[in-house]
Amino acid sequence: MDSGTTSPTSSSRWVGALLLLPMASVVPPLLPHGAAALTVFEVGQGLSVLVRTRSHALLYDAGPAWSPEADSGNRVIVPALRAQGLRALDAIVVSHDDTDHSGGALSVMRAVPSARLYSSLPSFDPIAQAAPYRIPCADASTWVWDGVRFEFLHPAMARYGDPGESANNLSCVLKVSGPHGAALLTGDIEWRGEADLVARRADSLRAQVLVVPHHGSTTSSTPDFIRAVSPQYALFAVGYLNRFAHPRPEVVARYREQGSRIVRSDQSGAVTVMIDERGVSVRGQREAAPRYWHGR
């Protein structure tokens, strides 16, 4: 065959490649000014939440590590970010020093550049060492992206100097709020951290959406804290049949008594929260795209 002639098979391959281009370029539409979208990833017994505004993106926690080669970062989060057209992050928050929240962070940081890291991690932690710019989470630290306000409510800087403070109670508590509603991300704070928040920032805790502290453990979700937040939706990030039996039934009951709608990642899969001019909506991936195996 003439070396300058293209075979039918080769031509078909080029046509097929061109037809795939639209699939590779599909990205979510731009959000309106003042709107926020949150994705609570399904990472098993752990937590990772993507927060997007019109032109910015923040990752709150990065889920667990399962082995030296596999973690939530390289198996779940990075592919999800790329599917949404995100090649960089404006910020990563690693709420505290616990591998079910930080296990995938290094994989994300290696694959997706981030402008800065907010965390309560010690300075010698490998994640902190890998960050080009690290800022401790601190009460009253605020910024605004595209009409959406981000504010850390906890911990107070003084708590970093307390040798008896647990890593859980140093969790970075981040409130994301706009003209249409608010979401509260709480890491693994326990009753002491909740009591501190209620005492210092009760007026700032109200939010339509709460990512429930510590996966619904009995160490957290005190009645005073639940009343202060008064969430319309209580989102539990938990693994299917996890060994801790999270969320605990008595904790779920407290939210039901408050009138909160219960949403669980072990039942709904990844959960998408939209806060926009239509109000607040919450939808699980399994409700959006049901499959026969979801019945288990």
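Of the residues making up region 142-168, those that are at pLDDT below 95 and among the polar types (S, T, N, Q) number 1. Counting only helices (runs of 4 or more DSSP H) wholly contained in region 239-296, the ones carrying 1 or more residues that are in contact with an Asp or Glu (Cβ under 9 Å, 6 or more places away or on another chain) and at pLDDT 95 or above occupy 265-268. Among the residues of region 66-87, those identified as touching a helix residue (DSSP H, G or I) at 6+ places or on another chain (Cβ under 7 Å) and surrounded by 18 or more Cβ atoms within 10 Å (Cβ to Cβ) are 71, 73, 77, 78.
Among the conditions (1) within 20 Å of the chain's Cα centre (by Cα); (2) polar (S, T, N, Q); (3) part of a loop (DSSP other than H, G, I, E, B), the only one that residue 218 does not satisfy is (1).
Here residue 16 passes the criteria (1) at pLDDT 95 or above; (2) surrounded by fewer than 16 Cβ atoms within 10 Å (Cβ to Cβ) except the one numbered (1).
Can you go through 193, 187 and tell me which one is touching a residue at least 40 places away in the same chain (Cβ under 8 Å), under 28 Å from residue 72 (Cβ atoms), of a type outside the set (A, V, I, L, M) and not in a strand (DSSP E or B)? It is 187.
Using the structure shown, decide if residue 38 is crowded, with 22+ Cβ neighbours inside 10 Å, modelled with pLDDT of 95 or more, under 27 Å from residue 118 (Cα atoms) and aliphatic (A, V, I, L, M). Yes: the conditions hold for residue 38.
If the condition is being touching an Asp or Glu at 6+ places or on another chain (Cβ under 8 Å) and at positive phi, then region 133-162 contributes only 140.
Per-residue answers, yes or no, for (1) more than 21 Å from residue 277 (Cα to Cα); (2) touching a strand residue (DSSP E or B) at 6+ places or on another chain (Cβ under 7 Å); (3) of a type in the set (D, E, K, R):
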{"site": "141", "(1), (2), (3)": "yes, yes, no"}
{"site": "145", "(1), (2), (3)": "no, no, no"}
{"site": "153", "(1), (2), (3)": "yes, yes, no"}
{"site": "158", "(1), (2), (3)": "yes, no, no"}
{"site": "162", "(1), (2), (3)": "yes, no, yes"}
{"site": "166", "(1), (2), (3)": "yes, no, no"}
{"site": "170", "(1), (2), (3)": "yes, no, no"}
{"site": "174", "(1), (2), (3)": "yes, yes, no"}
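The values are calculated or read from the model by the stated rules, or taken from the named source; none is laboratory data. Remember, it's a predicted structure, so these values are computed and weren't measured experimentally. Reconstructed Cβ throughout: ideal geometry from the backbone, glycine too, with neighbour counts over all protein chains shown.
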